[in-house]
Structure formats: C-alpha cells, structure tokens
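Every read-out reported here was derived from the displayed coordinates using simple, explicitly stated rules and does not represent laboratory data. All figures in this text were calculated on a predicted structure; none of them were measured in a lab. Methodologically, a virtual Cβ is constructed for each residue, glycine included, from the backbone with ideal geometry; neighbour enumeration extends over all protein chains shown.
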Amino acid sequence: MGRALGELEVTLLYALMALGDDAPGLALRQEVRVRSGRDLSPGAVYTALGRMEDRGLIESVLAEGGDSRSGRPIRLYTLLAAGTEALTEAHRHIRAMSHGLGDALTADPGRQGV
Amino acid sequence: MIRRPTSLDGLLRLFLGEGAEIVLGDLDEEWPGRVAEFGEGRARRWYLRTMLSTMGTLGVQGRGMMGSRDRSSGAGWVHAFRYETRALVRTPVWSALAVGTLATGMVFATVVFSMAEAMRTDVVPFPDADRLFVIRESNGQVGAVADPTLRRLQERAEVYQAVEAWSGPIDQNLSRPDADPTVVGVARVTSGLVPLLGYGVVAGRQLVIEDEDPGRERTALISHAFWTRSFGSSPDAIGATVELNGLGYTVAGVLEEGARLPQRRQADGADLWIPVQRTADLALDPGLRYQVVAKARPAVDRADVLAAASQTMEELRRELDQWRTDPSWHMEVDPLPDLLQGDGVQAMAALGAATALLLLLGAANLVALTLARLQARSREFVVHTALGAPPSIALRRLLAQNAIVAALAAMAALGVAVWLVEVVRTANPTWIPGAAYARLGVSETVATVLAAIALSLGVAVLTSRLHPHVQHAASLLRSRGPDPKWKALGRSLVLVETALVVTLAVGAGLVVRSLSELQSIDVARAMENRMVARINLNSSTYGDSESVRGFTDQVLARMKGVPGVTAVAASTSPPFSSAGWNFVVVEGRDPSEGQLPSTEIEEVTPDYFSVLDAPVVSGRSLDRSDFGDGSEKVVVVNEALADLFDGDALDRSLNFTGGPTLRVVGVVRNSPAGSLSEAPGPRLYLADMDDAFPWTVRTRWFIVRLSDDAPSAPAMEALHTAVAEADPAIPLHPPRRLLDLRGDLLEEARFRSIMFAVLGFMALLLGAAGIYGVVSHTLGSARRETGIRLALGATRARVFSRTVAAEAAAVAAGVALGLLAAWQLGHLLAGFLFGVSPADPTVYAVTTLGVGLVAAAAIVIPAYRSATADPVASLRGE
C-alpha cells in the first residue's frame, strides 16, 4: 500500500469523503477552509491530488465548466476504495495516538494544528 | 462587479500549460466571494499570492492539472531541464555551436566593456575629472602656455576654481652625499597642482605658494617610489638635501603612492616635483612654458573656459609689447579626459563596434540554431502533443534548452574572459590607455550574463511563435511545405548573417594586413640584438654642442673594437620614438602660403642607419665628412619628408626659418615613431643639431649593435667604462634592450591584430554555422515539396540548383550590404592601420571570396543532401 499519507493528503481525503463523488478541486479547498480555517493554495491542493491519483487513491475526470468559471474546464475528484482504506487507517492511527489526551490537546490553542 | 485581475494569467499558462485553465476557472469562481469577504484590495493581494504560490508548487512539480498522464508527456520544469540536458548531451555539435555562439559574444562584451570602464576610471583618476580642462596657446602647432598667460588665467577666479601648471618631466642628474650619481625625472610644478590632482603627502608637507619664490630655499616633493628606492622609506628623507645639476634642493614632502602627472605618457614618471620659480613681476621670462590644467567652477562648460582663455590672450596682446602679434596664435581648450584617453577612445570605439556586430551575429545565429533545432525536433513535439501534452510543451522545452545553453555559455565565457583580461593586462598595449589596470568589471559581467540569458530566452519565445509547427502542432501532419513567412525570415537571416560576417572579416583583414606591412619593414629585426642607453650632460660642463659631440665621439671611439659589438651610434632621441620638431621651409614651396610644415629632427652619428638597418632608398647616408666645421651642411630625410618636395628630393634644399641652408643627400625608409596609431611623419637626420635649434640638446642615446650570439653584459660593461673614462661625473642610464624599450610598438600591433583576427575568425565560424542552420532548416521544412517535385520527374540537378540559387541570392545581397557597412566602418580603423588604406581593394576582394566560399559550403552541403534524398522516403517522412 506504500508509504503513509501526509497531513495535507489526509485533510483532502477527509474533505473528499465529506463532499462525496465528483467533487471539484475548488470545493475541496473551500471545505477545508470552512472546517479548519486553513486557506490552501490551488497549487498545493492540485499537487497533492495529483500525487494521490498517481497512487490510485482517487480518480478524476475533466468536465466542462459553467459560466461562473468563464467556461473554463473543471476537474472532478472521486474517492476510490483504496483511498477510503488509506484514510480509515490514518484516522485509526490518529485516534489511537490521541486517545486520552483530550484535555491536553485543547488546553493550549497554540498547539491546534491551524 | 469588480473583475478579477488577470495580469499573471499568461505566466501561469506558460508554467502549467492547459492545466492553468482549471486553476483560473477556480479563481473565477472564487473571486466574487473573496471580494465580498475581504474587500477589493486584499482580494487582489490574495490573487497575487495565490498565483505565485501555485506557480511555485505546480510549476516545479509539474503534476496534477492534466491528471496523471502529465508525467508521461513530460510537463514540469524540473523534468524539462533534465530532459533537455540529456538532449543537449546527445547532440554535442549543436550544443557546442549554441554555447559557443553565446559565449563568444559574452566574452568580448565583458572584456571590451570592462576595459572601457577601466579606461574611464583609471586613466583619469583625478577628482571632478569632468571639470578639468587642459589650456594651451597655439599657433597651429600644439603649444604650451607662457608664464604671463598662466598668471592671468590664475586671476580669473569667476571661471576657474584653480589653474595649475607643470613642465617636464625631464631627466636630470642627481647626486647625494655618499651615493653614485643617478638620473631622475624632474617635473616643475606650481604649488597648487598636487592638491588639484587630489593627491596628498604621506610625509612632510605639500608645496605652498611661498615655495615658488626664487628668493627662498629651494624645495622639492619626492615620489613615493623614489622615497622607497633612495631613502628606504625613512622619515629622515624630510629635510634631506638632494643635488640636481649642481643645485641643492630640500625635500619638503613625500607624495602618496601612484601620484602622477596628468599626461598621456607615463613611461617617464617624475621622481622629483619641484616648484616653479617665478618672480611677482609680469616682465616675465618668455622661456618659461607650461602645460596648464584648469579646474572649472561647477556649471562652467568648455565654451566658457575657452572664451575666458581667449579674452586673456586679447588682454595680454593689448598690454604687452610684441606679444603674440601673429594672428594665428589662439587658445585651445580640451577636456583632460579626452586628452588622456586619446586615440584609446577610437580603439575602444572600433572594438566596441566589432563587439556589437558580433553580438548581433550571435543573436541571429541563436535564432537560426534554435529554429534548426525546432525543425529537427518538431516530430518529437507533435508526438508529445498527440499524447496529451499541452501545445506549450515546445515553448517550455525551448526555454529550458536555451536556459541551459545560456548557463553553460556564461560559465565558459567567464573563464575565458578572466584569462583574456589577464592577457590584456600583461600585454598592456599602449593603444588601450589603462590596459595595465584592466580587470573584469563586476557590473559589466553581471549585465552581460543577464543580457545573454534574456537574449536566449527571448529567442526561445520568438522562435516558438514563429514556427508553424508549434502553433498548430496537429496541423503539421497536413502541412504542405514551409510557411512562406518562414522562408522570408530564413532568407533575411542568411542576408543579415552574411553582412555581419563580411563587415567583421573586412575589419579583421585590414588590421592583419597592416601587421604584415609593419613586419615587412623589419622593425622587429631592427630591434634584435640592439642595446640602448642614455646619458644627460650637465650644462655647466657641456655648454655648447661642440663639447657634447666631443664627449659622444670619445665614447664611440672607445666602443669600437669591443668584442661582440658590431656597430655603435648615438642620436638625440631613442630609435622608433618621436623626437624634437621644428618648422621647415622646403625648396619649391612658398613659405607664406598657409602653415609651414613641421618635421621631427634627430642628430645622428654616421653609423646610425647601419646600426638600425634602416634602408637608404636613394642617395647616401651621412658620413664622416659631413661632420665638423667648414663642411657643407647636409641632411638625410625620410620618405614622408621627401614627399613634401615637388619631385625628387635629392640635392634639393631646406632650412629652418632663418637657419642655414641644408642640402638633402639621402632618403631613408619611413619607420614608425612613437605610436603605430599615427602614420610616420616627416623626419630629418642631421650631423649638427645647432642647425635646427638655437639651444643645445644634451641628451644622447647610444645604440649598440651586438653580433648574433654575443652576450650583452660585457658590451654594456664596456659602455659604462667608456662613459666613465670620458667623464666620471656623468651617470649612464641603465642600458636596456631596444626590444624592451620600444617592443611595445610590436606588441601593440600583434595584440591588436590577434584581437581583430580572432574576432573575424569567430565571426566567420559563427556565420557559417548560422547559415548552415538556416539553410538546412528551410530545406528540411520543404522536404515534402522537394519530394513531390522529384516524384513528378524534376531532375535532381534542377532541384539542387533551384535551392542553391535562392539562398545564394540572399548571400550575395548580404555580401554587398556587408561591404558597404565595412567601407563605412573602415574609418573607425583608419587610425590603427599602418601602410594599408581602409578601402584596401585586396582585403575587400579576399574577404568577399573567403566569406563566399564558406557560405557556399554552408548552402551546398544541405542542398545536396536534400536533392539526393529518396523522394519516397521524403514523402513518407512527412
């Protein structure tokens, strides 16, 4: 299954899972921003998505864009089974490691991964 | 609604190709929300930040936008650079040509511009140099300034901040207690000259105006070098006494290191700077003559300086009796930097022009080479595009390729430039003032490297736009033949390259021809095995030229028969150098008509011409019977002076206004004097200097000719002994090889020839490569057309001749244009050419032939290949 997922990749997979199939790249960025307050650059997001597509975690299709994007093409991403599996594994790992640390992790806002 | 900024969209497309559209679509969608949330200003900044970070991450990593297929198509910069590096290694010839083209231009640009900068800053190291002017009184010949004029100029405080003067340096014999007499260079200076030039003293004090008072103790400043040499840098030097020709001077101060007089020739530096001695009385010593340098007040220009100086001359004419009554007397004013840089400015202009041509050639060549490469690789790009790479892949590849080429060229060029500057500094040619200080300028180097990178990237963008294959990669498969626009561009490239090559090659040819002319007069051989040494006779013992000649004859007689010495002679100036001059009245020319011609004058002993192997063209040289009282006054003249006579100069007469009549008995070949930058002027050799000048010249140069393998040391020891025996009080200046003394003449010519020859050769090489590139590109893109013609029954000969004729027409036009340009630019070179006219027909003919042959080869080879190709293969290839 290859190397473990990076933090940005985990973040994007969470967002993709929340949004469901055929999620546009922009929607993923907005989902991350709404949920965590992080404003990711398109470059970072598409690089990470491309990497995950290479690894077979997600797939994408190119579609025609609407008027709001001046007819420019749009790329839509879908979570694959391998992606779901990898995210589950990562999530389990985080849960296991953070178990019982609730007070310590929320006591100092400076430590929140914002 | 506020529209989204789009300034960086194009750049993003360049970086990401089609993938940029997805990001731009996202931004379009996101923009209204960002404006509503942040306001316009912050939203714009967000746009900029987002674009830059996206280019940074996606551009470098080259992934994502077009899905995983991107990687197989090779998008992304890192990949592009790796790929192009391998591609360049696989085609070493092309790579070497491209790198060489750029590097050549860079080397010459860096070196020439660095030297120009060194010339500007180091030749004129004085503060406020742009306000320094040299003022002269002149009656047609460049003159010095007389004392009354200097005084009056110094009073014009509203125009000049300071007016200072100097004379010399001249050689004088210096004696100190407990030391052998030596020869030193002595300059006389006004007290304010040193501060005007911006120099300080490292010990003691500066000169003050009281030092100019003849009633006071005589003082002197000494140079740093003299201080080190004669006093071991001891502070005791201050207050010490030195004796110059019998007069004692007290050392007042030591000049800072490197202090020099503001004059062109620095070979004879001044060891002692002694104050001029002037009385306050304007009833003057007309014999006092100075070089004058004035510092103008700010905002006073050359015209103001000249007007003030001319006014001064008029005032003096009214005030003084018999002052400058000849109306030809006038004032001359020149900016000091112009005089110091001299014809070096011309030399740099010629080199600069040649460099500019080479750069142009390099640029044209790079276009041709890049296009040829694009042609060769168009298939590869088409395949990439068909596999899903964006059409911009070719642009990206070309950018990467040319960036690598530029980087390699910069490295190569820096290495060569460092070496070349070292060569220039070592050769120190006199025609580049300041060559001794030449160094690679940092700003010049950086500017050149940046320009080269910009040029090669610009060429990549330009060619990718010009080339139809890139714009419509897919349509290539349907294309019928070369774009007519491209054909026209190709022809103009051939034309421009040929013209540039011809221009440079003619220039190089002229300079090289000039060197061979110079060598044909055997200056080099005349300098071999010759030693020179100088003496100065003091005026107290040697009051007239009779006694000077007596001394000289004694030394010459003692030198005869010294083993290894084959001949020896003496003269008043060193060989191949300029000498004293005077106006001359030539028989058959009306002296009242215009300016009198002037001639350089040398007193020589009978063996002078044979010692120097100077060929007597007609008549005879001077001999024993020409010397001494009662003998007829005769002279030998050089060809330049003989030309002033109407017809044959032999047995005609000349005189120096008022002097005795002198009969011409012989004509000798011209030989270069002083500098090769000027054609040799009239020169006259006589047996007795008194016939030309009303004063006694007390400097003599001994020229000793040694047999081929004789060591010089014993002969020079003998010369020392001979001089000491003739007069023990007279020091002999250290003897030198004539080659060391005037070898710079040859060095200069050689260096210049090599520099221009290299330039010409590089131009020819680059031009050939460029033409070859263009022609093979044109023919390559016409392969289908050629194939169809051949298939339809055209003969190979016809296809071949048609191709060649079209390109040859462009070459012919280029040659014509180049000859015209060379003829125009030839004047820039006129000053360097010795014995060759800037319009020399041989050089033009040979160059045309040479360039024609090279261009023919560059055309015929690809044309032959194209015509002999298998038509079926050609068509299938398309």
Which residue, A:ALA48, A:ALA18, A:ALA86, has the most motion in a Gaussian network model of chain A that connects Cα atoms within less than 10 Å?
A:ALA18
Gain in length, B:ALA857 to B:ALA816, computed as 0.36 nm per residue apart minus the alpha-carbon separation, to one decimal in nm?
12.9 nm
Whole angstrom only: what separates the Cα centroid of region B:789-835 from the Cα centroid of region B:124-203?
57
Any idea how far apart B:SER625 and A:GLU7 come out in nm if each label point goes 7 Å out from Cα toward Cβ?
11.2
Taking 41 Å as R0, compute the FRET efficiency from the Cβ-Cβ separation of B:ALA724 and B:ARG278 and round it to 0.05.
0.60
Are there trypsin sites (Lys or Arg not before Pro) in region A:2-37 that DSSP puts in a loop and that have at most 16 other Cβ atoms within 10 Å, and which ones?
A:ARG3
Karplus (6.51, -1.76, 1.60) ³J(HN,Hα), θ = phi - 60°, over region B:173-178, in Hz, Gly and Pro reported as x
8, 10, 10, 10, x, 6
Between B:SER618 and residues 5 or more places away or on another chain, which pairs have amide H atoms under 5 Å apart, with H built 1.01 Å from N, and which residues are they?
B:VAL667
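Quick one: compute a quarter of the convex hull surface over the Cα atoms of region B:141-327 and quote it in nm².
Dividing the Cα hull surface by four gives the mean projection, 11.8 nm².
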For a quick check: with amide H placed at 1.01 Å from N, whose amide H comes under 5 Å from B:LEU261's, ignoring anything fewer than 5 positions away on the same chain?
B:ALA270
All aspartates and glutamates inside 13 Å of B:LYS633 as judged from Cα atoms, apart from same-chain residues fewer than 8 positions distant
B:GLU603, B:ASP623, B:ASP651, B:ASP688, B:ASP690, B:ASP691
Label points 7 Å out from Cα along the Cβ direction at B:ASP128 and B:LEU52: separation in nm?
4.6
Loop-located GluC sites (Glu not before Pro) in region B:127-227, at most 16 other Cβ atoms within 10 Å (DSSP)
B:GLU158, B:GLU217
Which percent, nearest 5, of DSSP beta bridges in region B:538-729 are antiparallel?
70
Full-extension gain in nm, B:ALA407 to B:ASP590, via 0.36 nm per residue minus C-alpha separation:
59.1 nm
Can you tell me how much longer the chain between B:GLN824 and B:SER707 gets when fully stretched, taken as 0.36 nm per residue apart minus their C-alpha distance, in nm with one decimal?
37.3 nm
Rounded to the nearest 0.05, FRET efficiency between B:LEU11 and A:ALA81 (Cβ-Cβ, R0 45 Å) equals 0.70
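With +1 assigned to the C-beta of every Lys and Arg and -1 to the C-beta of every Asp and Glu, and no other charges, what is the dipole magnitude of region B:538-729 about the Cα centre in debye, to the nearest 20?
Using only the charged Cβ atoms, the result is roughly 300 debye.
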Please give, to one decimal in nm, the separation of the simple spin-label points placed at B:SER492 and B:ARG379, each 7 Å out from Cα toward the Cβ.
3.1
Overall Cα dimensions of chain A - principal axes, largest extent first, Å
49, 31, 21
FRET efficiency, 1/(1 + (r/R0)^6) with R0 30 Å, evaluated for B:TRP419 and B:PHE583 via beta carbons:
0.05
Among GluC sites (Glu not before Pro) in region A:1-78, those in a DSSP loop whose Cβ has at most 14 other Cβ atoms within 10 Å are A:GLU64
Cross-link partners of B:LYS487 among aspartates and glutamates (Cα-Cα below 17 Å; sequence separation of 8 or more within a chain):
B:GLU497, B:GLU785, B:GLU807
Evaluate the relative contact order of region A:7-98 (contact order divided by residue number), counting alpha-carbon pairs under 8 angstrom at least 6 apart; express in whole percent.
32
